[in-house]
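Trainee: Submitted below is the structure of interest, expressed as structure tokens.
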Amino acid sequence: MNLFQAVLIAIIEGITEFLPISSTGHMIIASTLMGIEKEEFTKLYEVSIQLGAILSVVVLYRDRFFPLNRWGFYGKLLLAVVPALVLGALFSERIDALLENPLVVSLTLFLGGFVLLFIDRWFQTPRMETVEDIAPLKAFWIGLWQCLAMIPGTSRSAASIIGGMQQGLSRSAAAEFSFFLAVPTMAAATGYKLLKAFRDDSTLLFDQHNLLTLLVGNIVAFVVAMLAIRFFIGYLQKKGFALFGWYRIGVGAVLLALYYTGNLGG
């Protein structure tokens, strides 16, 4: 993977991480289409640039994250992230295997689009308008919903937003809690991958080219993610999820066609 390809992947990460269209799925497909080999550093890069994306959440919502003694807020995030930490630890190898399968991504993108077409109709009467209204048990249930995103192409954002709406949150409140939940979830996943890479082959992290690539990728993902978050909240409040549903169906259909014609890892 050269630096130009790394920047493209980082742009894709920044745009898609907080939209309900699957950042992991888009990065997998983009890497496949660009012919990027699934070497160890590529896998590490696609996870570690999430740090830039989650930093954008902390900066944009710094009044929610600071001061650090907001025990109720952090307690809810802790409860919500527990299911992903447990299941991620138990099934990390199987998840890694799925991440290399473009067919899984294509199918999940396609099918998930139909869910987004109807999600606004299913949950028309929210009972909670702000993140502060979430009870601890409801936060835990949203965390369970988030675990669906372990299937590549599902979208962590989509799973947790749908979970929030199912628990009674408005669209905007569910989206905001999804953003907040991304911080501990993705920080844990990235930290685990970085520690594992350091333990298995420290040269991956100390190679000068790799360090530059990681730095540039995180900066790009940070800037692009900030713009994407601002767009998403504003759009969601006015329009809902239908556009993202049609997008997923269209992209999924094209990818399935490419796969079954042998042009996408088939």
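The values are calculated or read from the model by the stated rules, or taken from the named source; none is laboratory data. Every value quoted in this text rests on a predicted model; they were computed, and no experiment measured them. Note that each Cβ is placed from the backbone with ideal geometry, even for glycine, and that neighbours are counted across all protein chains shown.
Trainee: What pairs can you find where one residue is in the stretch 51-80 and on the phi < 0 side of the Ramachandran plot and among the aliphatic types (A, V, I, L, M), the other is outside any helix (DSSP H, G or I) and surrounded by 14 or more Cβ atoms within 10 Å (Cβ to Cβ), and their Cβ atoms are less than 9 Å apart, with a gap of 6+ or different chains?
Mentor: If the second residue must be outside any helix (DSSP H, G or I) and surrounded by 14 or more Cβ atoms within 10 Å (Cβ to Cβ), the pairs left are Ala53/Glu17; Ala53/Phe18; Ile54/Glu17; Val57/Phe18; Ala80/Ile134.
Trainee: Looking at Gly163, Gly153, Gly112, which is the one that is touching a residue at least 12 places away in the same chain (Cβ under 8 Å), in a loop (DSSP other than H, G, I, E, B), crowded, with 24+ Cβ neighbours inside 10 Å and within 16 Å of the chain's Cα centre (by Cα)?
Mentor: Gly153
Trainee: Please find, within the stretch 124-137, the residue that is nearest to Phe177 (Cα to Cα) out of those that are out of contact with any Gly (no Cβ under 7 Å at 6 or more places or on another chain) and buried (at least 18 other Cβ atoms within 10 Å of the Cβ). Can you show your working first?
Mentor: Taking the stretch 124-137 as the starting set, the residues that turn out to be out of contact with any Gly (no Cβ under 7 Å at 6 or more places or on another chain) are 124-125, 129-135, 137.
Of the ones still in play, those that are also buried (at least 18 other Cβ atoms within 10 Å of the Cβ) are 131, 134.
Details: Val131: 6, Ile134: 9 Å.
Checked the stretch 124-137; the qualifying residue nearest to Phe177 (Cα to Cα) is Val131.
Trainee: Now a separate question. Can you tell me which condition Gly52 does not meet? The list is (1) closer than 27 Å to Ala135 by Cα; (2) at pLDDT 90 or above, and all the others hold.
Mentor: (1)
For (1) under 13 Å from Lys76 (Cα atoms); (2) of a type in the set (A, V, I, L, M); (3) at pLDDT 95 or above; (4) in contact with a Lys or Arg (Cβ under 7 Å, 6 or more places away or on another chain), each residue gets a yes or a no:
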| position | (1), (2), (3), (4) |
| --- | --- |
| Phe140 | yes, no, yes, no |
| Ala149 | no, yes, no, yes |
| Ala158 | no, yes, no, no |
| Ile162 | no, yes, no, no |
| Gly168 | no, no, no, yes |
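Trainee: Evaluate the following for Ala197: is it surrounded by 20 or more Cβ atoms within 10 Å (Cβ to Cβ), in contact (Cβ under 8 Å) with a residue 12 or more places away in the chain, under 21 Å from Val58 (Cα atoms) and of a type outside the set (Ser, Thr, Tyr)?
Mentor: On the way: surrounded by 20 or more Cβ atoms within 10 Å (Cβ to Cβ): yes; in contact (Cβ under 8 Å) with a residue 12 or more places away in the chain: yes; under 21 Å from Val58 (Cα atoms): no; of a type outside the set (Ser, Thr, Tyr): yes.
Here the answer is no, as Ala197 does not meet what is asked.
Trainee: Checking the condition in contact with a helix residue (DSSP H, G or I) (Cβ under 9 Å, 6 or more places away or on another chain), modelled with pLDDT of 85 or more and within 30 Å of Ile36 (Cβ to Cβ), which residue from Leu99, Leu116, Leu144 passes? I'd like the intermediate steps shown before the answer.
Mentor: Details: Leu99 fails: modelled with pLDDT of 85 or more; Leu144 fails: within 30 Å of Ile36 (Cβ to Cβ).
Exactly one of Leu99, Leu116, Leu144 is in contact with a helix residue (DSSP H, G or I) (Cβ under 9 Å, 6 or more places away or on another chain), modelled with pLDDT of 85 or more and within 30 Å of Ile36 (Cβ to Cβ), namely Leu116.
Trainee: Could you list, in sequence order, the residues of the stretch 222-243 that are part of a loop (DSSP other than H, G, I, E, B) and on the phi < 0 side of the Ramachandran plot? Explain how you work it out, then say what you get.
Mentor: To start, the set of residues in the stretch 222-243 that are part of a loop (DSSP other than H, G, I, E, B) comprises 240-241.
Answer for the stretch 222-243, where residues must be part of a loop (DSSP other than H, G, I, E, B) and on the phi < 0 side of the Ramachandran plot: just Phe241.
Trainee: Tell me which helices (runs of 4 or more DSSP H) are completely within the stretch 1-83 and hold 1 or more residues being among the hydroxyl-bearing types (Ser, Thr, Tyr), in contact with a His (Cβ under 7 Å, 6 or more places away or on another chain) and crowded, with 16+ Cβ neighbours inside 10 Å, or say none if there are none.
Mentor: Details: elements: 3-16, 23-33, 40-48, 50-60, 62-65.
The qualifying helices (runs of 4 or more DSSP H) are 3-16.
Trainee: I've got another one for you. For residues that are loosely packed, with under 13 Cβ neighbours inside 10 Å and part of a helix (DSSP H, G or I), scanning just the stretch 244-266, find the one that is farthest from the chain's Cα centre (by Cα). Write out each step before concluding.
Mentor: Let us first name the residues in the stretch 244-266 that are loosely packed, with under 13 Cβ neighbours inside 10 Å, namely 257, 260-263, 266.
Right, trim to part of a helix (DSSP H, G or I) and you get 257, 260.
Numbers: Ala257: 25, Tyr260: 27 Å.
The extreme case among them is Tyr260.
Trainee: Yes or no: the stretch 194-202 includes at least one residue that is over 27 Å from Glu132 (Cα atoms) and touching a Ser or Thr at 6+ places or on another chain (Cβ under 8 Å). Full working, then the answer.
Mentor: Filtering the stretch 194-202 for residues over 27 Å from Glu132 (Cα atoms) gives 194-202.
If we keep only those that are touching a Ser or Thr at 6+ places or on another chain (Cβ under 8 Å) too, we end up with 194.
Checked the stretch 194-202: at least one residue is over 27 Å from Glu132 (Cα atoms) and touching a Ser or Thr at 6+ places or on another chain (Cβ under 8 Å).
Trainee: Then there is this: Before we move on, is Leu211 at pLDDT below 85, assigned to a helix (DSSP H, G or I) and touching a Leu at 6+ places or on another chain (Cβ under 9 Å)? Walk me through how you get there before you give the answer.
Mentor: Numbers: at pLDDT below 85: no; assigned to a helix (DSSP H, G or I): yes; touching a Leu at 6+ places or on another chain (Cβ under 9 Å): yes.
Judged against the criteria, Leu211 is not a match.
Trainee: When you check Ile9 against the structure, is it of a type in the set (A, V, I, L, M) and out of contact with any Pro (no Cβ under 7 Å at 6 or more places or on another chain), yes or no? Full working, then the answer.
Mentor: Values: of a type in the set (A, V, I, L, M): yes; out of contact with any Pro (no Cβ under 7 Å at 6 or more places or on another chain): yes.
Spelling it out, Ile9 is indeed of a type in the set (A, V, I, L, M) and out of contact with any Pro (no Cβ under 7 Å at 6 or more places or on another chain).
Trainee: Continuing with the same structure: Would you say Gly217 is buried (at least 22 other Cβ atoms within 10 Å of the Cβ), assigned to a helix (DSSP H, G or I) and either of a type outside the set (Ser, Thr, Tyr) or out of contact with any helix residue (DSSP H, G or I) (no Cβ under 7 Å at 6 or more places or on another chain) (or both)? If you could, list the steps in order and put the result at the bottom.
Mentor: Working: buried (at least 22 other Cβ atoms within 10 Å of the Cβ): yes; assigned to a helix (DSSP H, G or I): yes; either of a type outside the set (Ser, Thr, Tyr) or out of contact with any helix residue (DSSP H, G or I) (no Cβ under 7 Å at 6 or more places or on another chain) (or both): yes.
Yes; evaluated as a whole, the condition is true for this residue.
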